[in-house]
Structure formats: C-alpha cells, structure tokens
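> If you scroll down you'll find the structure; I have some questions about it.
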Amino acid sequence: MAEPSRGIGAALAEARRKAERSLLRDHERDGASVSNLKLFFDLVYVFAVTQLSHYLLSDLSWLRAFQTTVLFGAVWWAWMYTTWATNWIDPDRAPNRLVIGLAMLASLLMACALPYAFSYLGWVFAGAYLAIQIGRTLYVSWAMGEWRRNDRYSLLRIAIWFGVSAIPWLAGSLASDAETRAAWWVAALAIDYSGPFVFYWVPVIGASRAEDWRISGHHMAERCGLFIIIALGEGLIITGATYAGAPPTSGLTSALVITFLGSFAMWWIYFDLGARRGAEHIEKHENPGLIARQAFTYWHIPIVGGIILLAVADELVMAHPLEPAHAGFAFVLGAGMALFLWGVMSFKRISSGRPWYPASHTSGLALVAMMTLAGLLLHPPHLAMSAIGTVIFGIVALWEWGSFHGGWIERMEARGWWLGAVLRRRAQFRIAQYERQEKTADPRG
C-alpha cells in the first residue's frame, strides 16, 4: 500500500529538524549577527595587541620593528580567518562552541609566546598558529559537508595551503638564530597571504571561484569594526594605566588629554563614514567575498598596524611628555599615523565606488610627512609632537565630516566664493572622466 502523503506541516517540521542539526548559520534568520562567544574570543586578541605594542616598545630598533611586523602578520591572519569561519558556522551549536573555545586557547598560547617568539618559545608560537589555522579550517570544511559530496572544496583548498606554509613555519621555529627564523617565517607568511590572490589554486582540484566565497557582508564589516575598537581600546588601556601608576609630573595630564583626543579622532575618522559605507557596499555587492578579501582582509592591516604603533607612541608620551623627541619616537608616531590614514583612505576608496582617494586623507598624509620631518630636525617635546598629530587627525575628521554633512563646496557656493566654483568644475570633470572610463571599460574586467 502506498505511503500516505505527509503533508506540508510534516515537511516543514522535517526542514526545521534538519536546520537544528546543521552546524551552519542561517543567515536569513539571524543575519550572521556577532555573538557573545565571538566577543569573548576577541578578548584574547586584546591581549595579543597589547603584547605586540609592548614588544616593540621594549626596543625601538629596525630589527624589532621588522620582527613585530612578522608577528602581527600571523596574529591578524589567525583572527581574520576565524572571522571568515564564524561567518559560516553557528556559534550557538555546542560542537562549534568547543572548536571556537579550542581556537581561543591556542590564540592565548600564541599571544603569550609573542615576546619570546624569536627566542625560546618560537615552537609554541608557530605550533599554536598552525593549530588554529589548520584545525579550524578542516573542521569548517567538515561542517559544510565538503568531504561528503561533490563540492568545490573551498575550505579544503585553504587547509592544503596552510599545510604547505606549515613547512617554513616549523622550520623557522627550529632555527637556532633569530635571523634565520625570521627568514623562514616571512616565507610562510608570503604563502599564507598570497593564497587569496590565486583563489587557493591546488593541482588536480583547481582554484576556487569568487562566487564560492558567499558571506554576510554585515557580519564581516561588524567584526572588523570591533577589531578596530579592540586596537583603539588597547591604546586607551595603556594610557590610563600609565597615568594611574605614574608619579605627578609636569605635562602628564596634558598628555592624557591629548592622547585621548587623538584616539577619539581616529575613531571618528573610521566610524563616522567608512565603517557604515563599507558595510553597505559589501552587503549590496554581487560578490561580497571579493570585497571582504580586498577591503577588510587586506586593507585593514595597515589600519590596525597604525593603531598599534600609535599606542606605542602614546605610552612614550605618557612616560616622558616633555622629553625631546628622538628619531625612534618621530618614526613611530609618523609611521603609525601614515599607516592608519593610508589604510582608511584605501578602504574608503573601495567602498565609495570612485577611483580617487578622499582629499582630506591625502592632505592629512602630507601634513604627517611634514610633521615627521620637523620632528627629526627640530626634536620638539613628545607632548608637542603628539599634539600636532592630534590636530592633524582632527583636521582630517572635520574636513571629511563637513564634506558629507552639507558639503564644503556647497557652503562656498552659498557665500559666492570663487573657490567653490573652481572646486565644483573640478569635481564635475573628474566624475565625467570616471563615467567615460566606466563606459569604455571591458565588462569582463
């Protein structure tokens, strides 16, 4: 006898049971919101960022700066790929929570080993990094069912690439001197960072496709914004702790105010326009994975790196506010500001849909260059140089805010200023030129 039809209700109940058993997120249901577990996970990286800034602060040399860059490259890549993974797996499922917890433990080990990664704890640092990257990637591949069906194997490709980079990571951890270890680890980072550019091509199974990287743009933008807050918060923690523990000295309170205003201006520059527009751009883009790779995975590296350098500069200002600026301080402050502005303006260029960079940011870069040169030649007090940097950030923030809240050109035109007409014609020319280029561009890219 034929089995009676189960009906729509039974079919829906079965679909719900399958959804409950799935380890993957339902983006339509929860929008890939940031969970408390991921915020808890990020606390480890607050510690990692602090470790990096203190590691550089202990020795302001070119060698230490290079080593810090290598370590930061690994820390960022571990956090970023976990962000990609949590875009797909549901953090409310118990198996996923355990995996994230294990990744958190490995991240803590990696962060603890940071100050000694180029000495006696290199194997701990490299081993923890590989455990995070390979273990988490294989788990997400399994959770997505890549091994159980004829799939594109996107996660499996990534795991293979991490397996290849494991060779120089482990070889470096076994090296007896720091220089050889650094060379091996640079080679390992080169493999890790080049994978997305070639879509993780692997012999036999080929390369991934852009459409394979389907993500929630809102989730990626929110996670990166939270990491920016983490990095800025690390600077505030250092500033507050130094102020609370320092004996009363001349200029200390002024240093606290100036460094806080600088951090607030950086927050304003990133979040007033960039974060919101970036989220909207990736959410509406037909290939959000490509935008996530370009705007968030890569162009947030100089943003966070700049914030870490500026945290080092802030601590130097707090410790010795009236001491003449030496070359190391001038380079740290100038490089930190330049990296931050360069990363933010590149991020905003991508999300704006226009081929040019914000004029406020490019002008800010020019002012930073002049400030750094003046610091190297004139050796002003740390406090004075930091105040100049804060003013520059304030100019950039005010300039951009005025441009997108009423418009400076519109204000000039309303007052009949000749400069407004000149800037209007220039803007119209650039827009028309860009539109002509778009019309004649090859649609295949």
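> Under 7 Å between Cβ atoms, at least 6 apart or on separate chains: pull out the pairs that start in region 326-352 with a residue that is free of Cβ contacts under 8 Å to residues at least 40 places away in the same chain and assigned to a helix (DSSP H, G or I) and end on any residue that is of a type in the set (Gly, Ala, Ser) and surrounded by fewer than 24 Cβ atoms within 10 Å (Cβ to Cβ).
Correct list of pairs: 336/306; 339/305; 339/306.
> Quick one: how many residues across region 87-143 are over 18 Å from residue 43 (Cα atoms), of a type in the set (Ser, Thr, Tyr) and in contact with a Ser or Thr (Cβ under 9 Å, 6 or more places away or on another chain)?
1
> If you don't mind, another one. Those residues that are touching a residue at least 60 places away in the same chain (Cβ under 8 Å) and not β-branched (Val, Ile, Thr), I need them from region 222-245; list them, please. Walk me through it before giving the result.
First, the residues of region 222-245 that are touching a residue at least 60 places away in the same chain (Cβ under 8 Å): 222-224, 226-228, 230-235, 237-239, 242-243.
222, 223, 224, 226, 227, 231, 232, 233, 234, 235, 243 - these are the residues of region 222-245 that are touching a residue at least 60 places away in the same chain (Cβ under 8 Å) and not β-branched (Val, Ile, Thr).
> Contact list please: Cβ distance under 6 Å, first residue in region 373-398 and farther than 13 Å from residue 337 by Cβ and open to solvent by less than 80 Å² (accessible area, probe 1.4 Å), second residue of a type in the set (Asp, Glu) and not in a helix (DSSP H, G or I), pairs at least six apart or on different chains.
Pairs that qualify, where the first residue is farther than 13 Å from residue 337 by Cβ and open to solvent by less than 80 Å² (accessible area, probe 1.4 Å) and the partner is of a type in the set (Asp, Glu) and not in a helix (DSSP H, G or I), are 382/323.
> Would you mind listing the helices (runs of 4 or more DSSP H) fully within region 131-239 where at least 2 residues are of a type in the set (D, E, K, R), surrounded by 16 or more Cβ atoms within 10 Å (Cβ to Cβ) and modelled with pLDDT of 95 or more?
Working: elements: 136-143, 154-174, 178-194.
Output list reads 178-194.
> Could you tell me whether region 246-256 includes any residue that is touching a residue at least 24 places away in the same chain (Cβ under 8 Å) and under 29 Å from residue 85 (Cα atoms)? Break it down stepwise before answering.
To start, the set of residues in region 246-256 that are touching a residue at least 24 places away in the same chain (Cβ under 8 Å) comprises 246, 249-252, 254-256.
Narrowing further to those that are under 29 Å from residue 85 (Cα atoms): none.
No - not one qualifying residue is present in region 246-256.
> Kindly check whether there is at least one residue in region 336-352 that is more than 20 Å from residue 315 (Cβ to Cβ), open to solvent by 50 Å² or more (accessible area, probe 1.4 Å) and aliphatic (A, V, I, L, M). Before the answer, list the steps.
Within region 336-352, the subset more than 20 Å from residue 315 (Cβ to Cβ) is 341-352.
From the residues that got through so far, the ones that are open to solvent by 50 Å² or more (accessible area, probe 1.4 Å) too are 342, 349.
Applying the additional criterion that residues be aliphatic (A, V, I, L, M) yields none.
No; the residues of region 336-352 include none that is more than 20 Å from residue 315 (Cβ to Cβ), open to solvent by 50 Å² or more (accessible area, probe 1.4 Å) and aliphatic (A, V, I, L, M).
> Here's another thing I want to ask about it. Quickly run through region 85-124 and pick out the residues that are under 15 Å from residue 142 (Cβ atoms) and outside any helix (DSSP H, G or I).
Passing the criteria: 89, 90, 93.
> Counting only residues that are open to solvent by 50 Å² or more (accessible area, probe 1.4 Å) and modelled with pLDDT under 85, how many does region 282-302 have? I'd like the intermediate steps shown before the answer.
From region 282-302, those open to solvent by 50 Å² or more (accessible area, probe 1.4 Å) are 283-286, 294, 299; that's our starting set.
Imposing the further condition that a residue be modelled with pLDDT under 85 reduces the set to 283-286, 294.
Result for region 282-302: 5.
The values are calculated or read from the model by the stated rules, or taken from the named source; none is laboratory data. Owing to the predicted nature of the structure, the values given are computational and were not obtained by experimental measurement. Reconstructed Cβ throughout: ideal geometry from the backbone, glycine too, with neighbour counts over all protein chains shown. Heads up: the accessible areas ignore ligands, DNA and RNA and are worked out on the full protein's heavy atoms, side chains in. Shrake-Rupley method; radii C 1.70, N 1.55, O 1.52, S 1.80 Å.
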